[in-house]
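Below is one structure, written out as structure tokens, with a few remarks after it.
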Amino acid sequence: MAQSNFGSRLGMILATAGSAVGLGNIWRFPTTTGENGGAAFILVYILFTLFLGLPGMLSEFIVGRNGGGNSIYSYSKAGGNRLWGLTGVMGMICSAMILGFYSVVAGWCLYYLYQALTDNVLGDKAFMASEFNALIGNVWITAGISVLFILLTHAIVVRGVQQGIEKASKAMMPLLFILMLILICAACSLPGAADGITFLFRPDFSKLNATVLFEAIGQSFFSLSLGTACLCTYGAYFPRDTNLVKSSFQIAGIDCGVAIMAGLMIFPAAFAVGIQPDAGPSLIFQTLPNVFRQAFTHSVAYVISIIFFALLSLAALTSTISMHEIGTSMISEERHISRTKAAWVVTIVCSIIGVLSAISMGPRPIGFFGKTLFDNFDGLTSNILLPLGAFVTSLLVGWRMPQEAIINELTSNGRYRLPAKAFALFLFLVRFFVPACILVIILSRFNIL
Ligand code: PHE
């Protein structure tokens, strides 16, 4: 069904890791880690990634490559009837919402990159706070740049899987690693940086409670792009000889690695100048530039701030591409229209969500349940739709899909060995463990548990 494939193994890994590595790693991970006590949170996060995230990711890859088409097609094929295709539709709706509100934050990154280039981000605490509030208050700018970010994403996606997504990821991902390494070296060389490293690596288990556990699961799913049909869509582009098990470990490994690297560049710098790491979402946009200003000489801080916001913008872009692709491939294949036309549909719908999210944070907030629309989209996707997508996928693979097809995918038609015990463990996880854990999360969100 799918006409496209990734052209090389490296391209495939970088594109999929590019989807996973994003603002979730560099913005959300340090924020949640800071708010939830550091090392103990990270440990739980890694355990959840291993036992929930990895089997979930593998399940989506299995469904995707077995189907070989857009996610409606692949889910229908795996489940044996079109009803299962609704999981793909839900994934598409979820990813459109994520792309909408995510592009607002991605737009802030672009704006701060411009401000960094013009040397406007290295002020003190009060200055940074007033700058940030002024930005959020100016809905014309925030809505405009979020649409700009979606258009940038559009420009890459319309070029196709190999010429657009794969080529862009191959250029952007290595650059992202290099920029991160520079920032980590700069942060860890500061006097007093050791406290930040201790915060990251010495667990204090007294900090753990139910909320921390749920935060860790939510963070792990969001960061792996799980439950949005994104991995299923990309899985369809994997070559037939790709080893799905190994690739899942590699992609999840890169994702966790980058999250910890983000911690290594942020906490040592924050601790070095005596700033507490629990500043919340404003950490990146208000606290950090102030940290750079205090920690380095002006010219070094100038370069570092440019590198930092370039890094954030790049990471966001490799993720928004994947969110866009879910809808683009689905609409073009299901409605039999060109990729370009389908991409425009996604761009327009997501731009509307982006503009509404941006406006909702402005001087006249709009939204439901006493929150802004931005928070509503974030909450609905992260707390409900994403876990629900992963829940249905694990049930599908665990109970419904023919085992022969699963084994074919796990071994790439007999090319790789699959020890019986490993397969039994995988089946146990997707049949019982993953669905049970997700059910607990969803019910607890509704305050039923
Ligand atoms: N994983 C991405 C991040 O960490 C976000 C994402 C979610 C991407 C869902 C695609 C689908 O930023």
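Using the structure shown, decide if residue 263 is within 16 Å of the ligand (Cβ to nearest atom) and more than 30 Å from residue 410 (Cα to Cα). Show your work before the answer.
Values: within 16 Å of the ligand (Cβ to nearest atom): yes; more than 30 Å from residue 410 (Cα to Cα): yes.
So residue 263 passes the test.
Among the residues of the range 373-396, is there at least one that is over 25 Å from the mean Cα position of the chain (by Cα) and either surrounded by fewer than 16 Cβ atoms within 10 Å (Cβ to Cβ) or within 16 Å of the ligand (Cβ to nearest atom) (or both)? Before the answer, list the steps.
First, pick out the residues of the range 373-396 that are over 25 Å from the mean Cα position of the chain (by Cα): none.
For the range 373-396, residues over 25 Å from the mean Cα position of the chain (by Cα) and either surrounded by fewer than 16 Cβ atoms within 10 Å (Cβ to Cβ) or within 16 Å of the ligand (Cβ to nearest atom) (or both): absent.
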- Residue check, residue 13 against (1) away from the ligand (no atom under 14 Å from the Cβ); (2) open to solvent by less than 10 Å² (accessible area, probe 1.4 Å); (3) under 18 Å from the mean Cα position of the chain (by Cα), all met but one. Which one? (2)
- Query: So which residues in the range 73-97 are open to solvent by 10 Å² or more (accessible area, probe 1.4 Å) and either within 12 Å of the ligand (Cβ to nearest atom) or of a type in the set (A, V, I, L, M) (or both)?
  - Reply: 83, 86, 89, 90, 92, 93, 96, 97
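Is it the case that some residue within the range 107-115 is of a type in the set (A, V, I, L, M) and open to solvent by 10 Å² or more (accessible area, probe 1.4 Å)? Walk me through how you get there before you give the answer.
At the first step, the residues of the range 107-115 found to be of a type in the set (A, V, I, L, M) are 110, 113.
Checking the rest, the ones that are also open to solvent by 10 Å² or more (accessible area, probe 1.4 Å) come to 110, 113.
Yes, some residue in the range 107-115 is of a type in the set (A, V, I, L, M) and open to solvent by 10 Å² or more (accessible area, probe 1.4 Å).
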- Single unsatisfied condition, residue 209 versus (1) open to solvent by 30 Å² or more (accessible area, probe 1.4 Å); (2) touching a residue at least 24 places away in the same chain (Cβ under 8 Å); (3) closer than 29 Å to residue 55 by Cβ: (2)
- Message: Which of the numbered conditions does residue 101 fail, given that it passes all the others? Conditions: (1) away from the ligand (no atom under 14 Å from the Cβ); (2) in contact (Cβ under 8 Å) with a residue 24 or more places away in the chain.
- Response: (1)
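Can you name the helices (runs of 4 or more DSSP H) wholly within the range 146-247 that have at least 1 residues being within 16 Å of the ligand (Cβ to nearest atom) and aromatic (Phe, Trp, Tyr)?
Working: elements: 167-188, 194-201, 210-223, 230-235.
Helices (runs of 4 or more DSSP H) meeting the threshold: 167-188, 210-223, 230-235.
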- Has the range 301-308 got at least one residue that is among the aliphatic types (A, V, I, L, M), within 16 Å of the ligand (Cβ to nearest atom) and part of a helix (DSSP H, G or I)? no
- Message: Going residue by residue through the range 310-326, is there one that turns out to be under 24 Å from residue 177 (Cβ atoms) and more than 16 Å from the ligand (Cβ to nearest atom)?
- Response: yes
- What about residue 235, is it under 17 Å from residue 46 (Cα atoms), in contact with a helix residue (DSSP H, G or I) (Cβ under 7 Å, 6 or more places away or on another chain), buried (at least 20 other Cβ atoms within 10 Å of the Cβ) and not acidic (Asp, Glu)? no
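Within the range 408-442, restricting attention to residues that are within 28 Å of the chain's Cα centre (by Cα) and open to solvent by 60 Å² or more (accessible area, probe 1.4 Å), which residue is nearest to residue 242 (Cα to Cα)?
Of the range 408-442, the ones within 28 Å of the chain's Cα centre (by Cα) are 409-412, 422-423, 425-442.
Next, only the ones that are open to solvent by 60 Å² or more (accessible area, probe 1.4 Å) stay: 425, 428, 431-433, 439-440.
Values: 425: 21, 428: 24, 431: 24, 432: 27, 433: 26, 439: 32, 440: 34 Å.
Ranking the candidates gives 425 first.
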- Item | Residue that is surrounded by the most Cβ atoms within 10 Å (Cβ to Cβ) [pool: residues in the range 132-160 that are more than 20 Å from residue 317 (Cβ to Cβ) and of a type in the set (Gly, Ala, Ser)] | 137
- Query: Within the bounds of the range 321-333, is there any residue that is farther than 16 Å from residue 224 by Cα and open to solvent by 60 Å² or more (accessible area, probe 1.4 Å)?
  - Reply: no
- For residues in the range 16-52 being among the aliphatic types (A, V, I, L, M) and away from the ligand (no atom under 16 Å from the Cβ), which is surrounded by the most Cβ atoms within 10 Å (Cβ to Cβ)? 44
- Sort out which residues of the range 263-291 are open to solvent by 10 Å² or more (accessible area, probe 1.4 Å) and touching a Ser or Thr at 6+ places or on another chain (Cβ under 7 Å), and write them in order of number. 275, 279, 281
- Which listed residue is out of contact with any Asp or Glu (no Cβ under 9 Å at 6 or more places or on another chain), in contact (Cβ under 8 Å) with a residue 12 or more places away in the chain, within 24 Å of residue 407 (Cα to Cα) and of a type in the set (Gly, Ala, Ser), from 22, 79, 18: 79
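The values are calculated or read from the model by the stated rules, or taken from the named source; none is laboratory data. This is a predicted model, so every value here is computed, not measured. Reconstructed Cβ throughout: ideal geometry from the backbone, glycine too, with neighbour counts over all protein chains shown. These accessible areas exclude ligands, DNA and RNA; they are computed on the full protein's heavy atoms, side chains included. Shrake-Rupley method; radii C 1.70, N 1.55, O 1.52, S 1.80 Å.
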